[in-house]
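This report refers to the structure that appears directly beneath it.
The values are calculated or read from the model by the stated rules, or taken from the named source; none is laboratory data. Quantities reported herein were computed from a predicted structural model and do not represent experimental measurements. Cβ: placed from backbone, ideal geometry, glycine included. Neighbour counts: every protein chain shown. Only protein heavy atoms, including side chains, enter the accessible area calculation; ligands, DNA and RNA are left aside. Shrake-Rupley method; radii C 1.70, N 1.55, O 1.52, S 1.80 Å.
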Amino acid sequence: LYHDYKADTLPKADLLASVRLIEAYVFRRAICAIPTNSMNKTFATFTKALKKDRYFESIQAHLLGLPSYRRFPTDDEFRRDLHTRDLYNFRSRSYWLRRLENHERKERVAVDEYTIEHILPQNENLSPKWREALGADWQRVQQTWLHTLGNLTLTAYNANYSDRPFAEKRDMPDAPEKGLKQSPLKLNQGLGMLEAWNEDAIKVRAGKLAGLASSVWSAPVLPRDIMDAYRPRADTIAEYTIDDHPYLLTATLHPVFEAFRKAVFALDPCVSEEFLKFYVAYKAETNFVDVVPQTKRLRLSLNMRFADVNDPKGLCKDVTGIGRWGNGDVEIGLSKPEDLPYVIGLVRQALELQLGNGGDA
C-alpha cells in the first residue's frame, strides 16, 4: 500500500482509510477470539484481489468477501463479544482505551497519564453498600461484569476512589479530587447522571460504548451490486439434498447420520454442510470430512494425510492414492452411535489441521 501511495497509484486518503480498515479487521477478530493463524495466508495473498483502478473499493470488497474463520466480524458479532470480553486483561488494553477516548478528538488525551478504573471494585469482599446496590446475586454480577467494557473507565484519581460506593466516586463531595461527574474524559460521559451502579447500568453503558466502538473500528460497507461484481461467477450446478441419498433415510442409518451432523456442527461455528451427488461435504473453508453413504455404514473421508492422524484404536484406513469419492487419505466407517465420540475426535483433528494451516488442508 505504501509503495503504491509513493508511486501516486493510491491517494493518501485511501491509504489512511485502508490502514484503518486493516486495523479494524485485526482488532475485531481479536475481540471475537478468532484464531490468528489464518491471517498469514490472508495477507500474503491479499494483493491478488487488488484492482488498482478501484483500489480502496477492492480492499473493502475483498475483506467483506473473506469466508468462514477468515471473516471480517460483523457489527453484531463485534458488539456482542465486546459486551462480555475481559478487556482489563486484554493484551492491547491501552490501545483500545486510547482509540475509544480519542475518537474524533482534535485535542488528544494522553491515556497513559491515567489509570484504569473499575467502577464496580475488584475487591472480593465488597462493602455492604456495594452488595446492596448489586442485589442478592452480587457475587455473580461482580464475577460476570468486573473486567468488561461497561465497568471500565479512566481516571487520575484511582487510588482516591478505591472501593468507595458509586455515589462517592461520582461526586467526591468531601475531597479535593474530582468525581466521575466532573471528569472531562469522553469515557466518563453520562456517569454523573446515574443514581446507582448495578448490572443493568453496566449493560447499558457497555451497549453505548460498543456502539461507539463499531464506529471507531468500522466495518467496510459496499452496495450489493458492487459486491456482486466482485464475486466469482459460478456455473449453474445441480442442487442436491438428503433426499438424493436414500441410504441416509433408512431406519438404520438416519439416526446415526443425524447424530453425526449435529456433532460436526458443534465443533465450530464456521462449519457448513453441502450435499453433493455422491457424498455430503463438511467444510470450514474447504472440505475437512466427507460422508459417503453406504448400505450399512457411513464411510468418512478425513481430509488429512494418514501420517498425521492420531488413531489410538487403529480404526482408520490409509487410502492414499486410491481413487474414491471424498477428499483426503484417511478413511473410517461409522455405523453405531456408540462409536460416534471416538470418530468425532478424529474428525476434529482434520478440522483443526485445516484451521491451523489457514485453509490449506
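What the table shows:
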read-out: Sparse-neighbour loop sites [GluC sites (Glu not before Pro); region 45-116; at most 13 other C-beta within 10 Å; DSSP]; value: Glu104, Glu107
read-out: Within-9-Å neighbourhood charge of Tyr240 [Cβ basis; K, R +1; D, E -1]; value: -3
read-out: Cα centroid of region 280-302 to Cα centroid of region 314-359, whole Å; value: 8
read-out: Modelled FRET efficiency - R0 25 Å, Val19 with Gln189, Cβ distances, 0.05 increments; value: 0.35
read-out: Cα-centred dipole magnitude for region 1-109, charges only on beta-carbon of K, R (+1) and D, E (-1), debye, nearest 20; value: 260
read-out: Charge sum, other residues only, whose C-beta stays under 13 Å from Trp145's C-beta, Lys/Arg counted +1 and Asp/Glu -1; value: 0
read-out: The chain - accessible surface per residue (Å², probe 1.4 Å); value: 54
read-out: All lysines inside 22 Å of Lys336 as judged from Cα atoms, apart from same-chain residues fewer than 8 positions distant; value: Lys262, Lys296, Lys313, Lys317
read-out: For region 16-94, with +1 on Lys and Arg beta carbons and -1 on Asp and Glu, the positive-most of Ile59, Ile22, Thr42 along the dipole; value: Thr42
read-out: Mean residue ellipticity (222 nm) of the chain, computed from DSSP H runs ≥ 4 via -39,500 (n - 2.57), nearest 500; value: -11500 deg cm²/dmol
read-out: Full-stretch length increase - Asn89, Met227 - with 0.36 nm per residue and alpha-carbon distance subtracted; value: 45.9 nm
read-out: For region 142-169 versus region 73-111, the gap between their alpha-carbon centres in whole angstrom; value: 17
read-out: Environment charge at Ser218 (Cβ cut-off 9 Å; Lys +1, Arg +1, Asp -1, Glu -1); value: 0
read-out: Size of charge dipole - the chain - debye, nearest 20, with Cβ of Lys, Arg +1 and Asp, Glu -1, no other charges; value: 500
read-out: Cα-projected label distance for Lys296 with Asp339, points at 7 Å along beta-carbon direction, nm; value: 1.1
read-out: Read-out Cα extents along the principal axes in Å, derived from the coordinates shown; its label in [x] 159, 36, 30; [y] 71, 57, 42; [z] 82, 61, 35; value: [z]
read-out: Segment Asn123-Gln143, length gained on full extension (0.36 nm per residue, minus Cα span); value: 6.1 nm
read-out: Cα centroid separation, region 251-278 to region 174-228 (Å); value: 42
read-out: Sequence of Tyr161, Tyr279 when ordered by accessible area, the most exposed leading, probe 1.4 angstrom; value: Tyr279, Tyr161
read-out: Sulfur and carbon atoms: percent of accessible area, the chain [1.4 Å]; value: 50
read-out: Karplus-derived HN-Hα couplings along region 149-161 (A = 6.51, B = -1.76, C = 1.60, θ = phi - 60°), whole Hz, x at Gly and Pro; value: 3, x, 9, 10, 8, 10, 7, 9, 10, 4, 5, 6, 5
read-out: Solvent exposure ordering (accessible area, 1.4 Å, most first) of Arg79, Arg305, Arg29, Arg70; value: Arg305, Arg79, Arg70, Arg29
